[in-house]
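Computed from the coordinates by the stated procedures, all read-outs in this text should not be read as laboratory data. The shown structure was predicted, so the numbers you read here are calculated from the model rather than taken from an experiment. Cβ coordinates were reconstructed from backbone atoms using ideal geometry, including for glycine residues, and neighbour counts include every protein chain displayed.
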Amino acid sequence: MKLVLFAYTREYFISRKIERLAEENLYARWLTQERVPTYRTIARLDLQELTNKGLDQLTEYQRARNLIDDALFIDGTKILADANKYSFVWKN
């Protein structure tokens with residue numbers, strides 16, 4: 001899962017390219033502890049389920065240590081996407 005999340009941040013979304021990244025990139029090799037998964041293994045990952053489980057575990061960890069409560073705050077920050085900077089439309 002760490003490798004796939006790392007690959008997504010580097011804009012690699014195809015399992016064969018992620019496998020190549022794991023072979024060639026030093027940081028990816030460190031994440032996988034020098035074990036390069038095959039593209040089939042990467043393709044079989046149910047990333048949605050793993051992400052949900054990871055978020056649930058993180059939430060439980062934070063609740064157990066009283067780091068979060070039931071209050072919800074919404075931030076209105078606007079962040080430009082990594083796209084054409086002239087295509088962003090401000091709405092009033």
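Charges were assigned to the Cβ only: +1 to each Lys and Arg, -1 to each Asp and Glu. The resulting dipole of the chain about its Cα centre is roughly 340 debye. Structural descriptor for the chain: relative contact order 21 percent, calculated from alpha carbon pairs under 8 angstrom and at least 6 residues apart. Footprinting exposure proxy ranking of LYS53, LYS78, LYS17, fewest other C-beta atoms within 10 angstrom first, gives LYS78, LYS53, LYS17.
Among ILE79, ILE14, ILE42, the largest mean-square fluctuation in a Gaussian network model of the chain (Cα springs under 10 Å) belongs to ILE79. The GNM of the chain, with springs linking C-alpha atoms under 10 angstrom apart, assigns the highest mean-square fluctuation among LEU80, LEU45, LEU55 to LEU80. In the chain, the DSSP-assigned H stretches of four residues or longer account for a calculated mean residue ellipticity at 222 nm of -15000 deg cm²/dmol, using -39500 (n - 2.57) per stretch and the full residue count as denominator. Using the Cβ-Cβ distance between GLU23 and LEU47 with R0 set to 22 Å, the FRET efficiency works out to roughly 0.60.
Footprinting exposure proxy ranking of VAL4, VAL36, fewest other C-beta atoms within 10 angstrom first, gives VAL36, VAL4.
Please work out how many pairs of lysine residues in the chain are eight or more positions apart (or on different chains) and have Cα atoms closer than 27 angstrom.
For the chain, the number of qualifying lysine pairs is 4.
Along region 62-70 the Karplus relation, 6.51 cos²θ - 1.76 cosθ + 1.60 evaluated at θ = phi - 60°, assigns HN-Hα couplings of 5, 5, 5, 9, 6, 8, 10, 9, 8 Hz to successive residues, with x for each Gly and Pro.
For Kirkwood radius over Cα pairs in Å, the candidate list reads (i) 15.2; (ii) 14.7; (iii) 16.3; the entry that matches the value derived from this model is (iii).
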